[in-house]
Structures are given as structure tokens and as C-alpha cells.
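The values are calculated or read from the model by the stated rules, or taken from the named source; none is laboratory data. Being a predicted model, the structure only gives us computed values, none of them experimental. With ideal geometry, Cβ positions are generated from the backbone for all residues, glycine too; neighbour counts draw on all protein chains shown. Heads up: the accessible areas ignore ligands, DNA and RNA and are worked out on the full protein's heavy atoms, side chains in. Shrake-Rupley method; radii C 1.70, N 1.55, O 1.52, S 1.80 Å.
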Amino acid sequence: PDQDGEIAQLRQRFAGVPLLLGIPSDSLEGRIRCLASGADDYWLTSMGASDLLTRLRLHLALQRSPSPAAEPISELLQWADLVVTPATRRVQRGHRAVTLTAREFELLLLLLRERGRVVSRERILAEVWQGETAAASNVIEVYVRYLRQKLEEGGERRLIHTVRGQGYCLGDRLPARQDLAGAGRA
């Protein structure tokens, strides 16, 4: 996790291949460092090869089967100066390329499909984490923070907004109060 440059190079060289980093113990700090470095996931070296193989099988299965809730995605998705090409997993903010992990990419796609509307935490967990019971209580906040950092790295304006007690919204600004009335059902 301390070698961010190498992870970016590996991601370019092996596009589409999940990148997993070994961590010695399952701690929140270890997971955050690993995922913040650009890896798709981590595996516990203390568990041996079985943990690595299990996580690799999971990632390969996720790549093969599209999310049942996902609608067909057009060739190019755009909002303001954010451009996403789902087929190649390419993300650009203005003229700057943005490198995302698989989960960050899925979260961004969900928010982009629902742009201008509040997406609840429950829906994000169901669609991005597909109901994984191991998802920590603050995992959504962590990933939203990572996504914001990467999307705003060049000083660009904020696109992902937090709506307290309801969820997250991708847009130019927070939705108007009257738009929030039905947001809990999102």
C-alpha cells in the first residue's frame, strides 16, 4: 500500500484485472490504506492462500456477471465536466484522467445513473456491495471520501453531496428541500 505509483502502473498494464494487496491483519487502518492506494481489494496474508483464492474467485465472478439491478449503460456518461466510459472503465474530470478502484467505479456509476436524486445508504449497500454482511458501518462514507478526493484532486468543484440522514447525491448542488421529501425511498 505504500507504493502508490506502482499500483497505478499495474492498473494501466493489466486493465480489467483485479488488484489485491496482502495485509497481515484485518484492521480498519490496514483496509483503508490498502483501498486508498488504489487496490480493488485486500487479502489476509495470515490466512494463507485460501483467503487470496476466495477473494480472487469473488472478483472474477463479479466481472463475469453484470449486476441484476444495473440498467444497460450507454457508451458515454457525462455530468458537468465528468465523463465516464463504462465499457473501458475510463473516468475523466475535465482533461484529467481519474483512476478508480472497482468499488469506487461502481459507486460513481450508481450516483451518475441517479444524478440529481438522493441515493440512500441502503440502496448503495445493496447495489455496490451487493448485501455483503462484512461491509463495515462506515464503508460508504470511506468510499465517498475516496471518490471525492479523486474527483476534486485538481481543485474541481464538488459533485457528490451528502444529504444528512438520507444518502448521497451527484449534482451541481444539494437538491432543493421539496426534492428531498421522497428521497428516503431512493
³J(HN,Hα) computed for each position of the stretch 115-128 - Karplus, 6.51 cos²θ - 1.76 cosθ + 1.60, integer Hz, glycine/proline x: 3, x, 10, 7, 10, 6, 4, 4, 5, 4, 4, 5, 8, 8
Ranking by accessible area, most exposed first, for 37, 25 with a 1.4 Å probe: 25, 37
Solvent-accessible surface ranking, highest first, for 59, 95 at 1.4 angstrom: 95, 59
Solvent accessible area, Å² - residue 26, 1.4 Å probe, full protein context: 90 Å²
In Hz, Karplus ³J(HN,Hα) per residue of the stretch 46-58 (6.51, -1.76, 1.60; θ = phi - 60°; x = Gly, Pro): 5, 8, x, 5, 5, 5, 4, 5, 4, 5, 5, 4, 4
Surface accessible to a 1.4 Å probe, residue 141 within the full protein complex, Å²: 80 Å²
In Hz, Karplus ³J(HN,Hα) per residue of the stretch 87-95 (6.51, -1.76, 1.60; θ = phi - 60°; x = Gly, Pro): 4, 9, 6, 8, 10, 10, 10, x, 9
List 35, 82, ordered by accessible area with a 1.4 Å probe, largest first: 35, 82
Fully extended contour minus Cα-Cα distance, from residue 152 to residue 125, at 0.36 nm per residue: 7.4 nm
Residues with amide H under 5 Å from that of residue 22, placed H, sequence gap 5 or more: 43
Potential lengthening between residue 49 and residue 75 on full extension [0.36 nm per residue; Cα-Cα distance subtracted]: 5.6 nm
Among 108-114, 145-151, the order from most to least packed when residues are scored by Cβ within 10 Å on average: 108-114, 145-151
